[in-house]
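The values are calculated or read from the model by the stated rules, or taken from the named source; none is laboratory data. All figures in this text were calculated on a predicted structure; none of them were measured in a lab. For neighbour counting, all protein chains shown are included, and Cβ atoms are generated from backbone atoms with ideal geometry for every residue, glycine included.
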Amino acid sequence: MPATKRAKPVYQRGGYKLYRRADREAFEIVWYDEERKRERSASARTEDVAAARAALDRLYLERTRGDAFCPTCGQPRAADGVYVSAAIADYLTLSADKPSIDAIRARLQHVLLYLVDKDLATIKCDRIDAAWVERFRKWLAARPIVSPTGKTRARALSTVENSVLQLAAAINECGGIKARFRSMQPKDVNRTPQFRADVTQLAAMFRYCLQPEARSDKEVERRKRERSGLLAFLRISVTTMARPDAAHDVSTAPERGQWNSERGVLNLNPVGRRQTRKYRAVVPVGRSMHAILDGTSGMLVSGQSVKSAWESMATALDLPSAGQSGMKLIRRSVANIVRAALPQEAWGELEMFLGHARFDDVSDLYAPFSPDYLVRVLAAVNGIVARIESLAPGAFPAVVGPHGPDVG
């Protein structure tokens, strides 16, 4: 028992209480451990009230999975009495450190908006069945996607199903109850774009950045600066076939552990980022990209996302619309060209380059440090780079080797 009576907790959830300690800067979490039959405490490791509340929520959920106590009275509860909104809030708390938290939050936000729109704030998890989910699907499918610039486009079935999948995960995580519905299989809802750019079209994208149309030299230089981020994105996307998010993440900062200049290999997954289902590979790069990375300090694609610049370029070059020319077009197009250039027995190398397949655990320890793996894919990519440079001079600065210019 404490020598003096504690003040009222700043926040409480079940048997877990948050206190501000006069003799400590950080907040303290206190709870009674039934197994050890004694009171325990842990630092919230923060002076911020909101962050401390989140720390208590995480500890509570990790230790009880949210089903042991009522969040208001602390009494045991049946898991089927959990509000959907509460299950989502708890799931977001538990998922805060996941690399995909931004996508998770956006997908579940659609569910929360549906609850508000249909006045379903008090609906509980055990009421969510296949019929309810089908109504949600129709509601979300009817809501177009609106870009920051006000452009609208129809919502794909796959984006709707991502929200359904995330809702099922939130319900399953709340403890004691399983979702009474199933999400559709990706193969049933995903419609992979069929358009692939050829080398000529890829070169046109580089010319858009390097040779902008303008009325004066001053305006030309201004547009080049504005499109420098897009140019960097095109370069890294062509040479590594990285997904757009991975391309934006490329950095030469030593603490990120991505660029190994000595070996000429790039780890698309920075230190500290956990791999997800969309695996980020370690890939070799040719001489030109090697020189560009060596000349870069920090992030390669500096500033914010180049999505807006990409959309302007797609419009200017009259690329197919209706979802056929998203930023993953470079990855798909280069992979298509490379595959056509490789013998069938080398297609496995392409799968590893794309992150669709991985080395075994032993090989994975050594592959990132070998400049000689995936050589046939690298040679094919170098051929694409050379052809683009010939059509759009400056796309990949030439590196002079013992046998003359080399843009590989």
- Give the residues of the range 94-132 that are of a type in the set (Ser, Thr, Tyr), part of a helix (DSSP H, G or I) and either without any contact (Cβ under 8 Å) to a residue 24 or more places away in the chain or under 18 Å from ARG274 (Cβ atoms) (or both), sorted by residue number. none
- Just for the range 264-293: of the residues that are touching a helix residue (DSSP H, G or I) at 6+ places or on another chain (Cβ under 9 Å) and of a type in the set (Gly, Ala, Ser), which one is surrounded by the most Cβ atoms within 10 Å (Cβ to Cβ)? ALA281
- Message: I'm trying to understand the selection: among the residues of the range 294-322, which are among the polar types (S, T, N, Q), assigned to a helix (DSSP H, G or I) and either surrounded by 13 or more Cβ atoms within 10 Å (Cβ to Cβ) or in contact with a Cys (Cβ under 8 Å, 6 or more places away or on another chain) (or both)?
- Response: SER308, SER312
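Quick check on my filter: what residues within the range 112-132 are of a type in the set (Val, Ile, Thr) and either over 29 Å from the mean Cα position of the chain (by Cα) or closer than 14 Å to ALA179 by Cα (or both)? It would help to see each step written out before you state the result.
We begin by selecting, within the range 112-132, every residue of a type in the set (Val, Ile, Thr); these are 116, 122-123, 128.
The answer is THR122, ILE123, ILE128.
Anything in the range 323-348 that is touching a residue at least 40 places away in the same chain (Cβ under 8 Å) and either touching a strand residue (DSSP E or B) at 6+ places or on another chain (Cβ under 7 Å) or not in a helix (DSSP H, G or I) (or both)? List them, or say none.
We begin by selecting, within the range 323-348, every residue touching a residue at least 40 places away in the same chain (Cβ under 8 Å); these are 323-338, 341.
GLY323, GLN324, SER325, GLY326, MET327, LYS328, listed by residue number.
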- Query: Can you name the number of the only condition in (1) in a helix (DSSP H, G or I); (2) out of contact with any Phe, Trp or Tyr (no Cβ under 7 Å at 6 or more places or on another chain); (3) modelled with pLDDT under 55 that ASN382 fails?
  - Reply: (3)
- Query: Quick one: is SER288 over 19 Å from the mean Cα position of the chain (by Cα) and under 23 Å from ILE145 (Cβ atoms)?
  - Reply: no
- Message: Take the residues in the range 244-263 that are part of a loop (DSSP other than H, G, I, E, B) and touching a Gly at 6+ places or on another chain (Cβ under 8 Å); name whichever of them is surrounded by the most Cβ atoms within 10 Å (Cβ to Cβ).
- Response: THR252
- Looking only at the range 18-27, count how many residues are under 17 Å from ALA50 (Cβ atoms) and surrounded by fewer than 20 Cβ atoms within 10 Å (Cβ to Cβ). 3
- Among the residues of the range 279-292, is there at least one that is outside any helix (DSSP H, G or I) and free of Cβ contacts under 8 Å to residues at least 12 places away in the same chain? no
